[in-house]
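To keep things clear, I will list the structure first and then write my remarks on it.
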Amino acid sequence: MTKPIRPRRSMLYVPGDKPRALEKAKTLACDAILFDLEDAVAPENKARARDGIAEAVRSGAYGRRELILRVSGPDCAEDFALASALPIDGVLLPKVESPATVADAAARMPHPIWCMIETPLGVLRAAEIAASSDRLAGFVAGTNDITKDLHARHTPSRTPLLTALSLMVLAARAYGLAVIDGVHLDLDDLDGFEAACRQGADLGFDGKSLVHPNSIAIANRVFGPAPEEIARARAMVAAWEEARAQGLGVARINGAMVEQLHVDDANRLIALADAIARG
């Protein structure tokens, strides 16, 4: 069954123990909020963070944004209990390396499951993980952890990560999952952030995970279809429908041949544009 298309251009991490950040996120133009109970929250603040997230989610003030809870780890019973009690859209599991982690999470709570792929073993098993459950919604790349574990260097081109990133995209697409690129930590380097977004979009990612609101607009623009792309997609579908009405198996638009595969992608882009327009 084909999953409905929804925009995931920008997924903003919001620490659960930061009331001002939780409040501000209600007004931001991000497509999704990743309520964070893991790295961004100190151990002594976890209980307060759970309470803050529960109050924020139950306010119902986040509109149509996708709400996802990143749990502290696969064995944190308190986090899974919270997830089960909240009207959220998914749970994000950190450092997933095997299907067993997904199966255990699925038994603990009813929501769709997202997996952080952020270790070498997780990357190598990405396809196995992607195939493991129909409860899976997508992958989120943990690029900083992968870089550390590879003993690689942080470079503007992200060349050391390209194999890992592509393997994540391949596994996700093979099993119909969404896939989100990792964070860019230099908050003042918006040019570098935009370049990373463009690279991620070129590789096939659906969007970018973010740690600061100042990067939302760039991610939304880069990972969203441009007006000229939407216009071309609509023209392509119209040309195809006209060709099919004439009994033809191919169409031409601006001198280029159009086949079913091109139309399928055009329809996907149009559906994404329509979902973004609905807000």
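Annotations for the structure displayed:
- Reported count of residues in region 132-154, each being more than 20 Å from Pro99 (Cα to Cα) and touching a helix residue (DSSP H, G or I) at 6+ places or on another chain (Cβ under 8 Å), is 7.
- Restricted to region 146-173, and to residues there that are basic (Lys, Arg) and under 21 Å from the mean Cα position of the chain (by Cα), the residue that is surrounded by the most Cβ atoms within 10 Å (Cβ to Cβ) is Arg158.
- Here Val91 clears all of (1) in contact (Cβ under 8 Å) with a residue 40 or more places away in the chain; (2) within 20 Å of Ala171 (Cα to Cα) except the condition numbered (1).
For every residue, the table says whether it meets (1) farther than 22 Å from Ile276 by Cα; (2) charged (D, E, K, R).
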| position | (1), (2) |
| --- | --- |
| Arg158 | yes, yes |
| Thr163 | yes, no |
| Glu194 | no, yes |
| Cys197 | no, no |
| Gly200 | no, no |
| Lys208 | no, yes |
| Val211 | no, no |
| Ala217 | no, no |
| Met236 | no, no |
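- Hey, Ser59 of a type in the set (S, T, N, Q), buried (at least 16 other Cβ atoms within 10 Å of the Cβ) and not assigned by TED's automatic domain parsing to the domain that holds Leu269 or not: no
- Positions within region 175-211 being in a loop (DSSP other than H, G, I, E, B) and under 16 Å from the mean Cα position of the chain (by Cα), in sequence order: Tyr175, Gly176, Leu177, Gly182, Val183, His184, Gly204, Phe205, Asp206, Val211
- Note on region 124-145: among residues that are assigned to a helix (DSSP H, G or I) and touching a residue at least 40 places away in the same chain (Cβ under 8 Å), the one that is surrounded by the fewest Cβ atoms within 10 Å (Cβ to Cβ) is Leu124.
- Test result for Glu118, in contact with a Gly (Cβ under 8 Å, 6 or more places away or on another chain) and buried (at least 22 other Cβ atoms within 10 Å of the Cβ): yes
- For region 235-249, a residue qualifies if it is surrounded by 11 or more Cβ atoms within 10 Å (Cβ to Cβ) and under 27 Å from Gly176 (Cβ atoms), and the qualifying residues are Met236, Val237, Trp240, Glu241, Arg244.
- Every pair of residues 6+ apart whose Cβ atoms lie under 6 Å, when the first sits in region 205-224 and is buried (at least 23 other Cβ atoms within 10 Å of the Cβ) while the second is assigned to a loop (DSSP other than H, G, I, E, B) and of a type in the set (Val, Ile, Thr): Ser209/Val183
- Residue satisfying all of: in region 174-194; small (Gly, Ala, Ser) and in contact with a Lys or Arg (Cβ under 9 Å, 6 or more places away or on another chain); surrounded by the most Cβ atoms within 10 Å (Cβ to Cβ) among these: Gly182
- Matching entry among Met168, Met116 (being touching a helix residue (DSSP H, G or I) at 6+ places or on another chain (Cβ under 7 Å), in the same structural domain as Pro74 (by TED's automatic domain parsing) and not β-branched (Val, Ile, Thr)): Met168
The values are calculated or read from the model by the stated rules, or taken from the named source; none is laboratory data. Not measured: the values here are computed from a predicted model. All Cβ positions, glycine included, derive from the backbone under ideal geometry; neighbour counts span all protein chains shown.
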